[in-house]
1. Efficiency by 1/(1 + (r/R0)^6): what FRET value for Asn69 and Asp90, r their Cβ-Cβ distance, R0 = 35 Å, to the nearest 0.05?
2. What net charge do the residues around His150 carry, taking every other residue with its C-beta under 10 Å from that of His150, with Lys and Arg at +1 and Asp and Glu at -1?
3. Keeping every protein chain present and rolling a 1.4 Å probe, give me the accessible area per residue for the chain in Å².
4. Using a 1.4 Å probe on the protein heavy atoms, what percent of the accessible area of the range 104-242 belongs to carbon and sulfur?
5. Note the listed values (1) 17.7; (2) 18.3; (3) 20.9, then indicate which one is Kirkwood radius over Cα pairs in Å calculated from this particular structure.
6. Using Cα-Cα distances under 8 Å and only pairs 6 or more residues apart, what relative contact order does the chain have, in percent?
7. Wrap a convex hull around the Cα atoms of the range 1-99, take a quarter of its surface area, and give that in square nanometres.
8. Let me check against my output: what whole-number percent is the relative contact order of the range 121-242, with C-alpha pairs under 8 Å and at least 6 apart?
Amino acid sequence: RAAVPYPSNHFCVSDLSRWESLISHRPPATIQNGLRQRDTRWSVHPIEDAYRDINLDYYSVVIDRLPPNTDIDDLYQMVRKNINSFVSNDIATFSPYGTADASQWNSNNPLGSVLSIDLYGPDNASVVTSAANQQSWTFSTIWTSRDGGHPVSGKRRVGYFNWNDGYVFYARGADRTTSLLDAAAAGLVFEAGDYTWRSFQNGLVRYINGYGGSARIGRTVSHRCNWDMIRTDYYNPSVRWQ
């Protein structure tokens, strides 16, 4: 079986086009306005207003064979709706922000749902589901009245694509530290994210293999790159801030 395609050496100066749509992603106007309708202070964290280098990461699981009587669509929906069963809750636990968010998130169209993340220590954070289809969903970090700011400003896409005779399930991120205080602790901030999404890989492999399928951890990359360089080459948002 061929290796999963992925940028090679000299990561930050290689072809990073796989991240371009994520780096450039802004929630649609309906999502931005919907947040402000809930509370005029609620807002998305713009990646361009954040601090220092950009983190670009990718955590994948190669699925050679699904468990019996399971199709990829069922697996995708089950993973999304039960994300806490696949990540280590030592660092992060996801839960819908409110009752309406729970209904939206647990439906087959989670677009617009807000999730609160119980982070290790006293801090919490929030994300909005800013894009969703039948193969992936995207979280954008936001400020909310209960959780305050998120330690990173950016987006994460989780989903799958067909690969050879199987699939690749992945979590891809693009983010920067939100405040100067977050930037001062950037090592810990990104280490916690790395720990969370590596645990996602392990949890998904364990689940698939435990139910009679065949899966293995695929390519795993986490790099910090110069924002000015990445912005010039890969930051081309098509949605305006409202």
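1. Values: r = 32 Å, r/R0 = 0.92.
The pair Asn69/Asp90 has a calculated efficiency of 0.60.
2. Here the charged neighbours net out to -4.
3. 47 Å²
4. Of the solvent-accessible surface of the range 104-242, carbon and sulfur hold 47 percent.
5. Here Kirkwood radius over Cα pairs in Å agrees with entry (2).
6. Values: 473 pairs, mean separation 82.0, N = 242.
Relative contact order here is 34 percent.
7. Directional mean of the projected Cα hull area for the range 1-99 stands at 10.6 nm².
8. On the way: 131 pairs, mean separation 16.5, N = 122.
Relative contact order for the range 121-242 comes out at 14 percent.
The values are calculated or read from the model by the stated rules, or taken from the named source; none is laboratory data. As the structure is a prediction and not an experimental result, all values here were calculated from the model. Here the Cβ is made from the backbone with ideal geometry for all residues, glycine too, and neighbour counts use every protein chain on show. Each accessible area value is taken on the protein alone, full model and side chains, heavy atoms only, with ligands, DNA and RNA left out. Shrake-Rupley method; radii C 1.70, N 1.55, O 1.52, S 1.80 Å.
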